[in-house]
Amino acid sequence: MNYWVQRLTASLMLLLAVSMLTFAAMNLLGDPLFNILGPAAADTKPESLEKVAAAKELYYLDRPLPERYVRWLGDMVTGDFGVQFGSTGQPPVSELVKERFPRSLTLLVMAQLLAAMIAIPWALISAARANKPADRISTVNSFLLIAMPNFALAVILKYVFGIKLGWFPLTFKATDPWLTRVYQTFLPALTIALPAAAVYQRLLRTDLITTLQEDFILMARSKGVGRRRVLFKHALRPSLFSFITVFGINTGTLIGGSLIVENIFRIPGLGSAIVEAILREDFPVVLAIVMIITTAFVLVNVLVDAVYTLIDPRVRR
Amino acid sequence: MSDTINRRLGPLFWIAVGWLVLISLLALLAPWLPIKDPDAYYLVRGERPPYAPSATHWFGTDQDARDMFARTIFGARVSLVIGFVAIAFGMLVGGTTGVVAGYLRGRTDRIVSFVFIVFLSFPSLVLAILITALLDRGLVTIALTLGVLAVAPVGRLARATTLSFAEREFVTAARAIGAGDRRIIIRELLPNVVIPMGALALLGMAVAIVAEGGLAFLGLSVEKGPTWGKLILIGAGSRELEKSPWIAFGPIIILFITVLSLNYAGDRVRSYFDVREIGL
Amino acid sequence: MTSLQTDGRVADGRLLTVEDLRTTFATERGPVCAVDGVSLTLDRGQALGIVGESGSGKTVLSRSIMGLLPSTARREGNIWFGDQDLLGPNAPDMSRLWGREMSMVFQNPMVSLNPVMRIGEQIAEPLRIHLGMSRRDAKATAIRLLRDVRIPEPDRRVDQYPHELSGGMRQRVMIAIALACGPTLLFADEPTTALDVTVQAQILELIAEQRAERNMSVVLVTHDLGVVAGHTDVIAVMYGGRLVEIAPTKVLFSQMRMPYTEALLQSIPRLDQKSHTRLNAIPGRPPDLHDPPRGCAFAPRCAFVRDRCREEAPPLATAENPDHKFACWYPVGSPEYHETKERISAGLEIGSTS
């Protein structure tokens, strides 16, 4: 129990530090009023002046910095992310987040699932045929995939599968039924999944090869366990640790990559929300999404730890 | 490919280095090279751009009839500079901080490590997005932003390497003959840390160049002038891809080969020096 | 007692015949012959000890007979198990024999058991694969097997993981796994080396007990002559990949012929020696198998070596007892042997020319 309390406290402190950094960026890089309202801050039109007043109140701009931070943090935690000044009617940011979040989540989950589904069989086959021609080719493939920038891969996949082969649609409608939406998310998810799968596969393959050299594998063979069963039942589980750790940590990296992919494939998720907000100079939205994504990232790492303990009985306390 | 520890750097390594030298030279000498003007419009009467690749336009032209080959070369200037400055900054600041933290340990180390972890807690591009959205989009700003982001990963590696070396005998020996901290860091630790950092520099540069591309796709890259990311972005629209894929694919190919070369070279350097490490 | 028999098995008599077995490994520095022309036989219920230093080829020999070698290994010769030649054109799929007809107990129980699988599952696995048992039956049999190998509270232990057991108990589990399907041949590769001295005796006792109850043949591979002394019927001595002496146990200890065997015996420290007596270690090191010597493999280290030993490798000759074979030009008891012995006693240089 002690361990978990420690872990959670550390994560909380981390989140605090992250929020401070984000807050500092917003308030110290340039004029906070400008950061929040955009060019409207300097405007003297009556609507703009109204906005300025509203902003000052909502963001406590007349108060000293530390107080501002605490109040801002309090708001964030209770789900009040401020208001979209750039849009008509100034809807709350939380509405936008609620609308966009599911799409991003679907994308991310699909991407990781695809990546695992590709990586595990790939690694098993490579490890079983280690250093033979098939394996060497696959190593080269992994390397190429990892080197390819994700936006470039997105463009390539979009061209090959979207345009030339026409397998996947390239436009999205918010009113599409759930299943269609999943189908639409497939290609972008694949873009994210392929390089990740290459990384996972490399790691898993190395660990599998190491495990296969362990004595208990020979012992299993000596019991009459067939090659395939040895691979799946004996070698796979102990080799998964690094893979799972990287899998979890990589979720964060994928979040970053998904931002770009969302924009290329025009998926209405948080990633495109950020870009639209930047174009509109609607910085509270940017800020809110940054905080949400980062918090998710930190929490995912804690979760990864938890899963780790469940899988390896030796680590259990 | 880093699975096999080779004693030699290998011929492919030199090919990769050759490419990097070539593209750097082309980028450096771009204004004086006998290539077309990247900003000029090479309209042909009676035909609407974009024009497909041909003898006059090796990479074709974009929708405004600008020569893609020239634009790619000039784009290299910006992208490579950003990559280089970013990683240089990261190495300088991150490297020194990491080494000092790893050597001094104690409180300094705890503080520095915490700072690193906070920075590393942000998913990759998110912090870059935040900063570039708030500041201007000049070349220097973007390069330095990426540089700041490089500090934490570089610093973490520098610290870890220093920690492993600081335990070794040659450091204790140096201390035994009365060498002060500063001398030990500079004379004993730094030369050994430089090697894995060299590999990281190559890999880091690839990451920085790709990061610039990513920022471009979010509309956050340098405002003036072509960069590889911006060029690809222009060519990536559905309509462009359908009718004139070369707009995107020209820069994609050059970018990919460059990033591949950097990755491969960095990987080989790491492998090569790993062997020495084991031999120690 | 858990015993499982099926048809087609050798009930009594000759179980294993190895004829001129040669195992070669392909390495970066060229082929290495780890087992060089070994022949031996084993009857049902017999215990054979294979003794030698590390690098003598004893482990490779046991694995070669069983067939548990990496893909870089090539075997030549014949291995008759029952009426099947395991190296012939109609050789069976070894996965069917492993665990069922022949099993192996490995040296280090800490690394030979799967750390993330429960004990019961690991014992049940061969039962389910070879005998098609259901999960429930297999678990019940596993508990019975744990009891046979004298593990207390077997129904609790069966659900535990290897790291929850002591070294001695883990080795017992290994034995239980090996015995699960009632094999006729058990290989024990240094089964006691990784264990405490007190536990060693218990494990050897356990193996002997099971051997008697199941009429099972045992091949005990070890570097420790003390281990084989009380628990084997026949002992084979390996050196440099070759079989240098083989004899019934009592005969070997009382009438050894090969100077190497004698040196091995003499290197064992004895209780009746004064304390601080220097150990009689055999000087030198085992041969490099990449570049095997032309003559007798032991020649560089033998106290009784003569020119012929270095030139020609001695063939296996038979002693008075027809079951006793050895490979030496000037064995223990020969005139040359006595000559050299006198010279050594007289304090002259070891290793003569003649």
| remark: Pairing a residue in segment B:160-180 that is in contact (Cβ under 8 Å) with a residue 40 or more places away in the chain with any residue that is β-branched (Val, Ile, Thr), where Cβ atoms lie under 7 Å and the two sit 6 or more apart in sequence or on different chains, gives B:THR161/B:VAL193; B:THR162/B:VAL99; B:THR162/B:VAL193
| remark: The lone condition B:ALA265 fails out of (1) surrounded by 23 or more Cβ atoms within 10 Å (Cβ to Cβ); (2) within 9 Å of another protein chain (Cβ to nearest Cβ); (3) farther than 27 Å from B:THR132 by Cβ is (2)
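For segment C:268-281, indicate whether the set of residues that are over 14 Å from C:PRO331 (Cβ atoms), in the same structural domain as C:ARG343 (by TED's automatic domain parsing) and surrounded by fewer than 12 Cβ atoms within 10 Å (Cβ to Cβ) is non-empty. Talk me through it step by step, then tell me what you get.
Here is the first cut: in segment C:268-281, the ones over 14 Å from C:PRO331 (Cβ atoms) are C:268-281.
Narrowing further to those that are in the same structural domain as C:ARG343 (by TED's automatic domain parsing): none.
So far as segment C:268-281 goes, no, none of its residues is over 14 Å from C:PRO331 (Cβ atoms), in the same structural domain as C:ARG343 (by TED's automatic domain parsing) and surrounded by fewer than 12 Cβ atoms within 10 Å (Cβ to Cβ).
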| query | Considering segment C:118-137 alone, what residues qualify as being in a helix (DSSP H, G or I), under 30 Å from the mean Cα position of the chain (by Cα) and not β-branched (Val, Ile, Thr)? | reply | C:GLY120, C:GLU121, C:GLN122, C:ALA124, C:GLU125, C:PRO126, C:LEU127, C:ARG128, C:HIS130, C:LEU131
| remark: Across segment A:267-285, the tally of residues that are at the interface with chain B (Cβ under 9 Å from one of its Cβ atoms) and surrounded by fewer than 23 Cβ atoms within 10 Å (Cβ to Cβ) stands at 4
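Would you mind stating whether C:ARG128 is in contact with a helix residue (DSSP H, G or I) (Cβ under 7 Å, 6 or more places away or on another chain), among the charged types (D, E, K, R) and over 17 Å from A:ASP215 (Cβ atoms)?
On the way: in contact with a helix residue (DSSP H, G or I) (Cβ under 7 Å, 6 or more places away or on another chain): yes; among the charged types (D, E, K, R): yes; over 17 Å from A:ASP215 (Cβ atoms): yes.
When the stated conditions are applied, C:ARG128 passes them.
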| note | With criteria (1) within 14 Å of chain A (Cβ to nearest Cβ); (2) closer than 27 Å to C:MET133 by Cα, C:ALA212 comes up short on (1)
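Scan segment C:94-114 residue by residue and report those that are part of a loop (DSSP other than H, G, I, E, B) and touching a helix residue (DSSP H, G or I) at 6+ places or on another chain (Cβ under 6 Å).
Pass one, segment C:94-114, residues part of a loop (DSSP other than H, G, I, E, B): C:99-101, C:106-108, C:113-114.
Correct list: C:GLY99, C:ARG100, C:PHE106, C:LEU113, C:ASN114.
Quick one: is C:ASP155 touching a residue at least 40 places away in the same chain (Cβ under 8 Å), of a type outside the set (Ser, Thr, Tyr) and either within 20 Å of C:GLN210 (Cα to Cα) or touching a helix residue (DSSP H, G or I) at 6+ places or on another chain (Cβ under 8 Å) (or both)?
Numbers: touching a residue at least 40 places away in the same chain (Cβ under 8 Å): no; of a type outside the set (Ser, Thr, Tyr): yes; either within 20 Å of C:GLN210 (Cα to Cα) or touching a helix residue (DSSP H, G or I) at 6+ places or on another chain (Cβ under 8 Å) (or both): yes.
So C:ASP155 fails the test.
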| query | Can you find even one residue in segment C:138-157 that is more than 27 Å from C:ALA236 (Cα to Cα), within 22 Å of the chain's Cα centre (by Cα) and away from chain A (no Cβ under 12 Å)? | reply | yes
| said: Given the condition more than 13 Å from chain A (Cβ to nearest Cβ), among the charged types (D, E, K, R) and more than 20 Å from A:LEU212 (Cβ to Cβ), answer yes or no: does some residue in segment C:94-112 qualify? | reply: no
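Within segment B:139-175, take every residue that is within 18 Å of the chain's Cα centre (by Cα) and more than 20 Å from B:THR97 (Cα to Cα) and give me the one that is farthest from the other protein chains (Cβ to nearest Cβ).
Our first condition is that a residue be within 18 Å of the chain's Cα centre (by Cα); within segment B:139-175, this holds for B:139-158.
Pick out the ones that are also more than 20 Å from B:THR97 (Cα to Cα) and you get B:139-142.
Values: B:LEU139: 18, B:VAL140: 15, B:THR141: 11, B:ILE142: 14 Å.
In this case the residue turns out to be B:LEU139.
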| said: Can you tell me which condition C:ILE175 does not meet? The list is (1) touching a strand residue (DSSP E or B) at 6+ places or on another chain (Cβ under 8 Å); (2) of a type outside the set (D, E, K, R); (3) within 9 Å of chain A (Cβ to nearest Cβ), and all the others hold. | reply: (3)
| request: Considering (1) farther than 30 Å from B:GLY225 by Cα; (2) crowded, with 23+ Cβ neighbours inside 10 Å; (3) within 14 Å of chain A (Cβ to nearest Cβ); (4) among the small types (Gly, Ala, Ser), say which one B:SER113 fails and leave the rest. | output: (2)
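Please determine, by comparing only the residues of segment B:205-229 that are charged (D, E, K, R) and either more than 25 Å from B:ASN263 (Cα to Cα) or at pLDDT below 80 (or both), which one is surrounded by the most Cβ atoms within 10 Å (Cβ to Cβ).
Of segment B:205-229, the ones charged (D, E, K, R) are B:212, B:223-224.
Now narrow it down to the ones that are either more than 25 Å from B:ASN263 (Cα to Cα) or at pLDDT below 80 (or both): B:223-224.
Values: B:GLU223: 12, B:LYS224: 9.
Filtering segment B:205-229 for residues that are charged (D, E, K, R) and either more than 25 Å from B:ASN263 (Cα to Cα) or at pLDDT below 80 (or both), the one surrounded by the most Cβ atoms within 10 Å (Cβ to Cβ) comes out as B:GLU223.
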| remark: Conditions (1) in a helix (DSSP H, G or I); (2) in contact with a helix residue (DSSP H, G or I) (Cβ under 7 Å, 6 or more places away or on another chain); (3) over 27 Å from B:ILE247 (Cα atoms) -> B:VAL148 fails only (2)
| When the residues of segment A:206-226 are filtered to those that are within 8 Å of another protein chain (Cβ to nearest Cβ) and assigned to a helix (DSSP H, G or I), which remaining residue is nearest to C:PRO162 (Cα to Cα)? | A:PHE216
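So if I check each of C:ILE207, C:ILE203, C:ILE143, which one is part of a helix (DSSP H, G or I), among the β-branched types (Val, Ile, Thr), free of Cβ contacts under 8 Å to residues at least 24 places away in the same chain and surrounded by 16 or more Cβ atoms within 10 Å (Cβ to Cβ)? Steps first, please.
Values: C:ILE207 fails: free of Cβ contacts under 8 Å to residues at least 24 places away in the same chain; C:ILE203 fails: free of Cβ contacts under 8 Å to residues at least 24 places away in the same chain.
It is C:ILE143.
Residue-by-condition table, conditions (1) over 20 Å from the mean Cα position of the chain (by Cα); (2) farther than 27 Å from C:THR222 by Cα:
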| position | (1), (2) |
| --- | --- |
| C:PRO259 | yes, no |
| C:LEU264 | no, no |
| C:SER275 | yes, no |
| C:ARG285 | yes, no |
| C:PRO314 | yes, no |
| C:PHE326 | no, no |
| C:PRO331 | yes, no |
| C:PRO335 | yes, yes |
| C:ARG343 | yes, yes |
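Within segment C:77-86, is there a residue that is outside any loop (DSSP other than H, G, I, E, B), buried (at least 20 other Cβ atoms within 10 Å of the Cβ) and free of Cβ contacts under 8 Å to residues at least 24 places away in the same chain? Quick ask: steps written out before the conclusion?
From segment C:77-86, those outside any loop (DSSP other than H, G, I, E, B) are C:77-81, C:84-85; that's our starting set.
Pick out the ones that are also buried (at least 20 other Cβ atoms within 10 Å of the Cβ) and you get C:79, C:81.
Now restrict to residues that are free of Cβ contacts under 8 Å to residues at least 24 places away in the same chain: none.
Among the residues of segment C:77-86, not one is outside any loop (DSSP other than H, G, I, E, B), buried (at least 20 other Cβ atoms within 10 Å of the Cβ) and free of Cβ contacts under 8 Å to residues at least 24 places away in the same chain, which makes the answer no.
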| said: Can you find, within segment A:242-257, the residue that is surrounded by the fewest Cβ atoms within 10 Å (Cβ to Cβ) among those that are more than 9 Å from chain B (Cβ to nearest Cβ) and at pLDDT 80 or above? | reply: A:SER242
| task | Filter segment B:230-250 down to residues that are at pLDDT 85 or above and more than 9 Å from chain A (Cβ to nearest Cβ), then give me how many there are. | result | 6
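Just to be sure I understand, how many residues within segment B:61-87 are in contact with a strand residue (DSSP E or B) (Cβ under 8 Å, 6 or more places away or on another chain) and either in a loop (DSSP other than H, G, I, E, B) or more than 16 Å from B:ILE232 (Cα to Cα) (or both)?
Pass one, segment B:61-87, residues in contact with a strand residue (DSSP E or B) (Cβ under 8 Å, 6 or more places away or on another chain): B:61, B:65, B:67-68.
Next, only the ones that are either in a loop (DSSP other than H, G, I, E, B) or more than 16 Å from B:ILE232 (Cα to Cα) (or both) stay: B:65.
Result for segment B:61-87: 1.
Just checking: which of the helices (runs of 4 or more DSSP H) contained wholly in segment A:56-158 hold 2 or more residues that are at pLDDT 85 or above?
On the way: elements: A:65-77, A:93-128, A:133-147, A:150-157.
The qualifying helices (runs of 4 or more DSSP H) are A:93-128, A:133-147, A:150-157.
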| Out of all the residues in segment A:194-203, is one or more within 30 Å of C:PRO70 (Cα to Cα), among the aromatic types (Phe, Trp, Tyr), crowded, with 19+ Cβ neighbours inside 10 Å and away from chain C (no Cβ under 14 Å)? | yes
| said: For the condition of a type in the set (Lys, Arg) and within 24 Å of C:ASP36 (Cβ to Cβ), what is the one hit in C:LYS341, C:LYS325? | reply: C:LYS325
| Within segment B:125-132, is even one residue within 13 Å of B:LEU144 (Cα to Cα), polar (S, T, N, Q) and within 14 Å of chain A (Cβ to nearest Cβ)? | yes
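The values are calculated or read from the model by the stated rules, or taken from the named source; none is laboratory data. A quick note: this is a predicted structure, and the numbers were derived from the prediction, not measured. Every residue, glycine among them, receives a Cβ derived from its backbone with ideal geometry; neighbour counts consider all protein chains shown.
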